[in-house]
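The values are calculated or read from the model by the stated rules, or taken from the named source; none is laboratory data. In this text, all values refer to a predicted model and were calculated from it rather than measured experimentally. Please note: Cβ atoms are built from the backbone with ideal geometry, for glycine as well, and neighbour counts cover all protein chains shown.
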Amino acid sequence: MSIREFIDREVKGNDVVVFMKGTPQFPMCGFSGQVVQILDHVGVPFKGINVLESDELRQGIKDYASWPTIPQIYVKGEFLGGCDIVREMFQAGELIPLFEEKGIAVRDRAIG
Amino acid sequence: MSDPDLDRIRTALAGGLNPLVLELENESALHAGHAGASSRPDGGITHLRVRAVSAAFAGKSRVERHRIVNAFLAGEIAQGLHALAIEAKAPGE
């Protein structure tokens, strides 16, 4: 399986995926940490994939979305954006409606 | 104090975006040595914050706006710029 196939399978096989530096428990980069905090706060389950485990994955994910930075967030197989975009959407009150629109349960509908 | 690395980036973005506002911050020093950080062989900027207001962003989604900025910085990214915080607004936003 190529790295692209691996990424594609993860992106399409999980409702919310974050390609990040470090793990959700131990983010190794401030931007990745912010995304984890926001998703935890919203209460949406997600799969974190640590790109630091493999140089091939770290480069592969940049090529996959033609997006040069990490973290990258995918929702229902679609690229949503990086840290700034997720934060802006959260602050604008757009993030929870997006998850709901996609049929993804969030824990606390009162937040955001 | 002039920073030639920042000046080069400013020139690239100013030429491409024709921005009303362009603010750049070199944040590389804040991240020096963090896990997963890679330094640049040329000593250039690795972490950059961009605040820009440009008509080029009008009617564009957030992802599209970031892609526009990324495209003008492709050379820097290829050289090792790897963290890019972007605030991209159209005039009036």
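Of all residues in segment A:34-60, how many are surrounded by 17 or more Cβ atoms within 10 Å (Cβ to Cβ), within 11 Å of chain B (Cβ to nearest Cβ) and either of a type outside the set (A, V, I, L, M, F, W, C) or touching a residue at least 60 places away in the same chain (Cβ under 8 Å) (or both)?
Filtering segment A:34-60 down to residues surrounded by 17 or more Cβ atoms within 10 Å (Cβ to Cβ) leaves A:34-36, A:38-39, A:42, A:44, A:46, A:48-52, A:57-58, A:60.
Pick out the ones that are also within 11 Å of chain B (Cβ to nearest Cβ) and you get A:34, A:50-52, A:58.
Now drop any that are not either of a type outside the set (A, V, I, L, M, F, W, C) or touching a residue at least 60 places away in the same chain (Cβ under 8 Å) (or both), which leaves A:34, A:50, A:58.
Residues flagged as surrounded by 17 or more Cβ atoms within 10 Å (Cβ to Cβ), within 11 Å of chain B (Cβ to nearest Cβ) and either of a type outside the set (A, V, I, L, M, F, W, C) or touching a residue at least 60 places away in the same chain (Cβ under 8 Å) (or both) within segment A:34-60 amount to 3.
Within segment B:26-44, if we keep just the residues that are within 14 Å of chain A (Cβ to nearest Cβ) and under 30 Å from B:Pro91 (Cα atoms), the residue that is modelled with the highest pLDDT turns out to be B:Glu27.
Looking at segment A:92-100, can you tell me whether even one residue there is over 19 Å from B:His66 (Cβ atoms) and within 13 Å of the chain's Cα centre (by Cα)? The answer is yes, given that some residue of segment A:92-100 is over 19 Å from B:His66 (Cβ atoms) and within 13 Å of the chain's Cα centre (by Cα).
Taken as a whole, the structure leaves B:Ile9 outside the set of residues that are of a type outside the set (D, E, K, R), more than 17 Å from A:Gly30 (Cα to Cα), surrounded by 12 or more Cβ atoms within 10 Å (Cβ to Cβ) and within 13 Å of chain A (Cβ to nearest Cβ). Residue under question is A:Asp63, and the condition is that it be crowded, with 18+ Cβ neighbours inside 10 Å and either part of a loop (DSSP other than H, G, I, E, B) or free of Cβ contacts under 8 Å to residues at least 60 places away in the same chain (or both); does it hold? When the stated conditions are applied, A:Asp63 does not pass them. One residue alone among A:Phe31, A:Phe19 is within 12 Å of chain B (Cβ to nearest Cβ), under 12 Å from the mean Cα position of the chain (by Cα) and over 23 Å from A:Pro97 (Cβ atoms), and that residue is A:Phe31.
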